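Just below is one structure, and these are the notes that go with it.
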Amino acid sequence: MHAAPRVEPLSIADAEAWARFVAIERARTYAGLVQDGFEAAQLARMPELVDEIHDELATGIGRYAVAWQEGAVVGAASTTASPMPWEAILDVGDAPAARALDTLYVAPEHHGTGLADRLLALVLDDEPTVLWLISGNERARRFYERRGFALWGEETTTGPTWNHVPMRRMLRTGPSAARG
């Protein structure tokens, strides 16, 4: 039996491991929706992403959490300032909150264990928070609704990097005690 994953704020020294895990899980999660080569493109962006993480941690703009088990990353979460730079590029309209949950990935073997809630506890606070949900991801929609998020605004598309997949915002206007 494995020990429960250790969840902690991300250190700058672990930014590359966090970014690699996110790139791989993002590609796995959206396989079949995004274009071929998406994982390779995500991995190719790692130096840029690691620099962004360093900047966000240094300035306090970003909040990052990581879950470790036996020396491997098994979960990652982050929030950042909203709107995010890519939102201006896609011209998706005004952001409904000043904070965005931009990353939450948990290794499949840890789905349903409460690990996501432990990660969220380190990156979310009581302030309003927005996230983007890929349309049709009903499991994620239900998960976020149980945590106080609600669908907000109109559907739009992700743009070419994500193969123009439809997406929609979800907004949480305050803390939520709901879990599971």
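The values are calculated or read from the model by the stated rules, or taken from the named source; none is laboratory data. Predicted model only: the values in this text are computed from it and were never measured. Ideal geometry is used to build each Cβ from the backbone, glycine not excepted, and the neighbour counts take in all protein chains shown. Accessible surface is based on the protein model in full, side chains and every heavy atom, while ligands, DNA and RNA are left aside. Shrake-Rupley method; radii C 1.70, N 1.55, O 1.52, S 1.80 Å.
Determine, yes or no, whether Ala65 is at pLDDT 90 or above, within 15 Å of the chain's Cα centre (by Cα) and in a helix (DSSP H, G or I). Here the answer is no, as Ala65 does not meet what is asked.
For segment 20-28, the count of residues that are out of contact with any Ser or Thr (no Cβ under 8 Å at 6 or more places or on another chain), over 17 Å from Val106 (Cα atoms) and outside any strand (DSSP E or B) is zero. With the condition kept exactly as written, say whether any residue in segment 75-93 is at pLDDT 90 or above, buried (at least 20 other Cβ atoms within 10 Å of the Cβ) and over 29 Å from Trp152 (Cα atoms). No, because not a single residue in segment 75-93 is at pLDDT 90 or above, buried (at least 20 other Cβ atoms within 10 Å of the Cβ) and over 29 Å from Trp152 (Cα atoms). Looking across segment 63-74, the residues that are under 13 Å from Pro9 (Cβ atoms) and open to solvent by 10 Å² or more (accessible area, probe 1.4 Å) come down to Arg63, Tyr64, Trp68. Within segment 106-136, the set of residues being on the phi > 0 side of the Ramachandran plot and either outside any loop (DSSP other than H, G, I, E, B) or open to solvent by 60 Å² or more (accessible area, probe 1.4 Å) (or both) comprises Gly112, Gly136. Per the listing Glu39, Glu8, Glu56, the residue uniquely farther than 18 Å from Thr80 by Cβ, in a helix (DSSP H, G or I) and either open to solvent by less than 50 Å² (accessible area, probe 1.4 Å) or not hydrophobic (A, V, I, L, M, F, W, C) (or both) is Glu39.
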